[in-house]
Number of protein chains: 2
Amino acid sequence: MAFREKIRVAVNGYGVIGKRVADAVALQPDMTLAGVCDVAADWRPRMALAKGHALFGATPDHAAAMREAGLEVAGTLGDLLSRADIVVDCTPKRVAAANVEAYRKRGIRFIVQGGEKHDVTGHSFVAEASFAGATGRDSTRVVSCNTTSIVRTLTALKRAGLLARARGTLLRRATDPWESHLGGIMNTLVPEPEIPSHQGPDAQSVDPGLDVVTMAVKVPETLAHLHYWSVQMTRSASKDEVLDAFRASSRIALIRMGDGLDALNAVKEMMADMGRPHDNLYEVALWQDMLTVQGDELFYAYMVDNQAIVIPETIDAIRALTGLAAEAPASMALTDAALGIGAIGRS
Amino acid sequence: MAFREKIRVAVNGYGVIGKRVADAVALQPDMTLAGVCDVAADWRPRMALAKGHALFGATPDHAAAMREAGLEVAGTLGDLLSRADIVVDCTPKRVAAANVEAYRKRGIRFIVQGGEKHDVTGHSFVAEASFAGATGRDSTRVVSCNTTSIVRTLTALKRAGLLARARGTLLRRATDPWESHLGGIMNTLVPEPEIPSHQGPDAQSVDPGLDVVTMAVKVPETLAHLHYWSVQMTRSASKDEVLDAFRASSRIALIRMGDGLDALNAVKEMMADMGRPHDNLYEVALWQDMLTVQGDELFYAYMVDNQAIVIPETIDAIRALTGLAAEAPASMALTDAALGIGAIGRS
């Protein structure tokens, strides 16, 4: 790395995902954060400046409003893009689709998040499943939090030759913590109207070979999603074989109820105690003592931090598109080291 | 019925289940409520008196405390049992097991609820699956709310020749509404530590032939349980065939997301609008538009009112033990008519 220029990364949209991507980029040895762009002129961009990030307004009007609010603005989105090799779009659903035209016109590589459709880039990304396919492309889509967790876990079983088909029930957190005051649900459960829910087909946009069906329901909490799986294996296997399959992925953390990690809040508290920014749980946190094998059937549950799980994948996607790494393991090793991933449940 | 004496039913324990059983007994044409027995001396037994129920104290001390609180007490549990042909025990878990000795000594027929173990009576009851086996017995156990819903739905599929095996994820309400102030969970999800959870084996205590595995998680709401099922059928079937199988049971109400019944609270509000006591949902409320068939696989979700679903089964269990009805359909027809069951989703 010593003689190579660092890749300059722009982050467009400084919200729940954008601010975590910006933090993560700043920690990578082979990347530099060109700056972050947003439309807000309140406490949120002020936090970006406090971290030393260069701040840009989405349009001249936004930049002007930011200046009026006393924020130090380095320019507009156009200015930011001219200083970057690649842009990670973290703007809300549908806003990103409009930005894509601008990125293409400018000829800058770009990454969109899972709220966008597969067709927007024609490629869907999870490091362990589709890194190679992203190499040399000008864009990719990092799939949603739920889909990322599904592809990570089912890929682990597939690599071990154990996966026939998987059927999952997804408990989705009602709203993000910081938006709790804007409305969520209270004291009820809200099933997704249709079975299968969209996450199964979305996982197939990464790996068309996955036989997966999902059902989803919104639950009144904000911490994380929780998935329950019933998997038909290709053959009878021991619990140890299955755990070894999951252990082979650094992005799956094996946790234990018996270790006191017996609810979502306990796991989040451990992330805080580990000193992770925003208490991020980057891994799929899978309960190893709960996991059960009955002959050729497998049952397990895991927790998905919807705000954090896509962050390492986004970093890997940057390396795939820009050629910073030729294969997933090399990129993942760098990302994991920078973010402290891989320490949980390895013992 | 004209020339037959009504069966006299005692209800021991006037809590969430007991008060609903008492109300339901009072509505049956072939039963009379001998009275209710409890240990509390506050507003709760006062409500029993307001309904015209005879009130008994569990012991002389309890009866004295009730009298001190200004309640009109008809005697103790012993007095109540001497005026009854059968007793429904609705006392808390483990208290019932101690009462059983007293019932046996007295030679009175008795019913315990699903909190007790199968061995306490040696027979577990769901009207559509095990009515015949209860005939002539001196006791039975009405299984828990979750187990009742599982046996009802899987029995419907089994009767239609469609059931091979069923795998379910159960979202359990955190606490009963009226006990919300005594503690529950907030903003988290608490998985049951073990897979499979106990409901699958419990369903097999009613029908050992069921191939069923369940996983369960506690969620922060009080309204009802919600089950998601993935069923392997014996063959490919149409959605209409499956719906017809469920329709054959009066205790399964087919509801629709498209009818505005898109969350637990909406279904409960409809029960209130129907004028049902305590907004009771006696049926398994199964979403017919959400239900999906893929070849020989079936996916669906339903809602279980944990406070109400066992009430009609308890009434049927009284008829089975006392010989008021020789077969399930005759008893169920009486129960359904008295409680207004069977009107939802039949059109």
Residue by residue through A:161-174, how many Cβ atoms from other chains fall within 10 Å of the Cβ on average? 3
On the formula 1/(1 + (r/R0)^6), with r taken between the Cβ atoms of residue B:69 and residue A:69 and R0 of 60 Å, the FRET efficiency rounded to 0.05 is 0.40
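In the stretch B:231-323, which trypsin sites (Lys or Arg not before Pro) are in a loop and have at most 13 other Cβ atoms within 10 Å, using DSSP for the loop call? Provide the component values of the computation, followed by the final result.
Working: sites: B:235, B:239, B:247, B:251, B:256, B:268, B:319; in loops: B:235, B:251, B:256.
Answer in residue order: B:235.
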Could you run the Karplus curve 6.51 cos²θ - 1.76 cosθ + 1.60 with θ = phi - 60° over the stretch A:102-110 and give me ³J(HN,Hα) per residue in whole Hz, x for Gly and Pro? 5, 5, 4, 4, 7, x, 9, 5, 8
Go ahead and run the numbers for FRET between residue B:187 and residue B:47, Cβ-Cβ distance against an R0 of 30 Å, rounding to 0.05. 0.35
So if a site counts as exposed when it's one of the GluC sites (Glu not before Pro), its DSSP state isn't H, G, I, E or B, and it has at most 13 other Cβ atoms within 10 Å, what's the longest stretch of chain A without one? A:195-326
For the stretch A:145-304, shape from the Cα gyration tensor axes a ≥ b ≥ c, cut at a/c of 1.5 then a/b versus b/c, turns out oblate
Quick one: label points 7 angstrom along Cα→Cβ at residue A:198, distances to the other copies in nm, smallest first? 4.0
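I need the chymotrypsin sites (Phe, Trp or Tyr not before Pro) found in the stretch B:59-135, filtered to DSSP loop residues with at most 14 other beta carbons within 10 Å of theirs.
Values: sites: B:103, B:110, B:125, B:131; in loops: none.
Qualifying residues, ordered by number: none.
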Closest to the A-onto-B rotation axis, which residue of chain A has its Cβ, and how many Å off the axis is it? A:169, 2
Using the Karplus curve 6.51 cos²θ - 1.76 cosθ + 1.60 with θ = phi - 60°, what ³J(HN,Hα) values do you get for each residue of the stretch B:37-52, in whole Hz, with x for Gly and Pro? 10, 8, 10, 7, 10, 10, 5, 5, x, 4, 5, 5, 5, 4, 7, x
Please arrange B:255, B:108 by counting, for each residue, the other beta carbons lying within 10 Å of its beta carbon, fewest first. B:108, B:255
Between residue A:138 and residue A:100, what is the label-to-label distance in nm when each label sits 7 Å out along the Cα-to-Cβ direction? 1.3
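Using the 10 angstrom Cβ neighbour count as an exposure proxy, how do B:7, B:195, B:315 rank, fewest first? Walk me through the numbers on the way to the answer.
Values: B:7 21, B:195 24, B:315 30.
Ranked by crowding around the Cβ, least crowded first: B:7, B:195, B:315.
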What spacing in nm lies between the two simple spin-label points modelled at residue B:6 and residue A:292, each 7 Å away from Cα in the Cβ direction? 4.5
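From largest to smallest, what semi-axes in whole angstrom does the stretch B:169-248 give when each is the square root of 5 times an eigenvalue of its alpha carbon gyration tensor?
30, 16, 12
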Using only the Cα atoms, what convex hull volume per residue in Å³ does chain B have? 139
For residue B:269, inter-copy label distances in nm, listed shortest first [label point 7 Å out on the Cα-Cβ vector]: 3.6
Once the Cα atoms of helix B:145-159 and of chain B are each reduced to a long axis, what angle between those two axes, in degrees from 0 to 90 to the nearest 10, is obtained? 50
Shortest-first nm distances, residue A:44 label point to equivalent points in other copies (7 Å, Cα→Cβ): 4.9
HN-Hα J in Hz across the stretch A:133-143 - Karplus 6.51, -1.76, 1.60, θ = phi - 60°, x for Gly and Pro: x, 8, 4, x, 6, 8, 7, 8, 10, 7, 5
Between helix B:264-273 and chain B: long-axis angle, C-alpha atoms, 0 to 90°, nearest 10: 50
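Where both residues lie in the protein assembly as shown, what percent of DSSP beta bridges are antiparallel, nearest 5?
Numbers: 46 of 116 bridges.
If we restrict to bridges inside the protein assembly as shown, about 40 percent are antiparallel.
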Two-site label geometry, residue B:244 and residue B:61: point separation in nm, points 7 Å out along Cα→Cβ: 6.2
Compute the semi-axes of the equivalent ellipsoid of the protein assembly as shown, taking the square root of 5 times each eigenvalue of the Cα gyration tensor, and list them largest first in whole Å. 56, 26, 22
Distance from a point 7 Å along Cα→Cβ of residue A:269 to each backbone N in the stretch A:313-347: keep the residues under 19 Å and list them by number. A:345
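Once every DSSP H run of n ≥ 4 in chain B is given -39500 (n - 2.57) and the sum is divided by its residues, what mean residue ellipticity at 222 nm do you get, rounded to the nearest 500 deg cm²/dmol? Walk me through the intermediate numbers first.
Numbers: 12 runs with 122 residues, N = 347.
Rounded to the nearest 500, it is -10500 deg cm²/dmol.
Read the figures in this text as sums done on the coordinates, not as results from a lab. Because the structure is a prediction, the values reported are computed rather than measured. Glycine gets a Cβ as well: all are built from the backbone with ideal geometry, and neighbour counts include every protein chain shown.
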